[in-house]
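What follows is a set of notes on a single structure, which appears directly below.
The values are calculated or read from the model by the stated rules, or taken from the named source; none is laboratory data. Quantities reported herein were computed from a predicted structural model and do not represent experimental measurements. Every residue, glycine as well, gets a Cβ built from its backbone with ideal geometry; the counts of neighbours run over all protein chains shown. Only protein heavy atoms, including side chains, enter the accessible area calculation; ligands, DNA and RNA are left aside. Shrake-Rupley method; radii C 1.70, N 1.55, O 1.52, S 1.80 Å.
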Amino acid sequence: LVHGLQNRIGVKALDASGKGIPVQGKIIDQNESVIQSFNTNELGMGSFVINQADSSKTYFARVVSPSDKTIINVYPLPRVTAVGNVLSVARKNGEIELSVSSNYLKKDSITLRISHRGIDKFFIKAGLTSGVYKTSFPLETLPKGIVAFTLFDGQMHPVAERLCFNERPESR
């Protein structure tokens, strides 16, 4: 979680035997104000977004037990980092969309490395505009399988990385 930026958080809910289970819950802050609702699928996987995360606040997930709706468990979320970057990778409309957001790199240059099986496929050098850079790739320009997207700052220090599975149904 990074202060002032939109953050997507993944959820994996497991039962006592380690099997994924569907749950419903709410994200609350230290004052018990509801920030966001979420639920998971039958495998226990889901996600939610916190817009404008605040480093002066503490966030929790309040989860309702799927077997007994009277049981509510509260889990702390990781603390919000005051300074940082967010790299998101999403598959939409036949493309992979990349979005870089930073709350300290405003007009700096960044480098994105796109690699597959340890082999670099693309390097993109770009400038941020007000701390944001967005681009997209048609699915067919990227290799099938797991593709790694690594974000580097201007001094070529890695600051974020995401993995994406590029499924190409026609190659099954």
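Cross-link candidates for Lys26: which lysines have Cα within less than 18 Å, leaving aside residues fewer than 8 places away along the same chain? Answer for Lys26, where 18 Å is the Cα cut-off: Lys12, Lys57, Lys69, listed by chain and number.
Counting Lys +1, Arg +1, Asp -1, Glu -1, what net charge surrounds Val132 among other residues with beta carbon under 12 Å of its beta carbon? Net charge around Val132: +2. Placing +1 on the Cβ of every Lys and Arg and -1 on the Cβ of every Asp and Glu, with nothing else charged, gives the stretch 19-155 a dipole about its Cα centre of roughly 200 debye.
Using a probe of 1.4 angstrom and keeping all protein chains present, the accessible surface of the chain works out to 60 square angstrom per residue. Under a Gaussian network description of the chain, with springs only between Cα atoms under 10 Å, the residue in Leu151, Leu128, Leu14 that fluctuates furthest is Leu14.
When the chain is treated as a GNM with alpha-carbon contacts under 10 Å, the residue of Val100, Val74, Val147 showing the greatest mean-square fluctuation is Val74.
Between the beta carbons of Ile124 and Asn39, assuming R0 = 30 Å, the FRET efficiency works out to 0.25 to the nearest 0.05.
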